[in-house]
1. Working out 0.36 nm times the residue gap between residue 298 and residue 37, then minus their Cα-Cα distance, what length gain in nm do you get to one decimal?
2. Would you give the gap between the C-alpha center of segment 115-153 and the C-alpha center of segment 236-298, rounded to a whole Å?
3. Rounded, prolate or oblate: which one fits the chain, using the alpha carbon gyration tensor with axes a ≥ b ≥ c (rounded when a/c is under 1.5, else prolate when a/b beats b/c, else oblate)?
4. Largest first, please: the extent of the C-alpha atoms of segment 1-143 along each principal axis, to the nearest Å.
5. Calculated FRET efficiency, residue 21 and residue 53, Cβ-Cβ r, R0 35 Å, to nearest 0.05?
6. Which of 146, 45, 218 ends up with the largest GNM mean-square fluctuation for the chain, with Cα atoms connected below 10 Å?
7. In a GNM of the chain with a 10 Å cut-off on Cα contacts, which of 193, 202, 30 has the highest mean-square fluctuation?
8. Can you tell me which of 222, 253, 40 moves the most in a GNM of the chain? Springs connect C-alpha atoms under 10 Å apart.
Ligand SMILES: [Zn+2]
């Protein structure tokens, strides 16, 4: 482990966090695993302060071998995670999906992840991935530089809505805007596919409130916490305090995401950043574990309350 001083201590601290909430572990819907040479390129991009970093210094904390990174998530007690990967040009999605299917096979605690791109054959690639068992997709509007409401994706969204497969979508304009980022293109997609299970990455940073609007309007829209509320993001795009009650009210549709391993701070900081919002233990239990267990139908302990004898249920 290069950049991080003491992962063993950190793992103990992370476990103390979820044990203190009475959880059996964490579910992290936004972690990155991808073919090694693609990941190296992503790291080089962060090192060179590529446009997606918004020109901000971005030292990657967990720069290690793939098996070490997966082992570290297990040491943290992350029961299920994802392999977020995304193409930046046509002709890549199918190949990435093949890699991700294989990764999921050799990594049983990783939810089989797939991706998509507006290109000829897109709907066939997506159908193929769903039939192969993909349980979550990643779409990256900023890196892919496409309009999510592009006609070439209409059948793709229809298929995913029908199949009920969640799509984690980086569509906010943070840390740097893209031609098609922001709430408006996503609103057009949802107007056509109101039951699509979009998981707005990074809580829609910096357009937090616009994406909260969409989540309030569409019951299948969720948001992931990736990098939100951390010192790093609060400096760049502070979450508006006035929106905290809305975040509390949407507590059953907010999902823990971290961006591990590509984060410029220790993993524990994301958890502490959620805790210091002051929304309480029940909110944290939903966000850090129970909401994702429900969404993905993960096996494990029954949600709190249902293990009581029937007479004691309220
Ligand atoms: Zn990410």
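Values quoted throughout were computed directly from the atomic coordinates according to the rules given, and no laboratory measurement underlies them. This is a predicted model, so every value here is computed, not measured. Every residue, glycine among them, receives a Cβ derived from its backbone with ideal geometry; neighbour counts consider all protein chains shown.
1. 90.9 nm
2. That distance is 26 Å.
3. Values: a/c = 1.29, a/b = 1.14, b/c = 1.13.
Rounded is the answer for the chain, as its axis ratio a/c remains below 1.5.
4. For segment 1-143, the Cα extents along the three principal axes come out at 48, 36, 23 Å.
5. Numbers: r = 32 Å, r/R0 = 0.92.
Here the calculated transfer efficiency is 0.60.
6. Most flexible of the set in this elastic network: 45.
7. Highest fluctuation among the options: 193.
8. Fluctuation is largest for 40.
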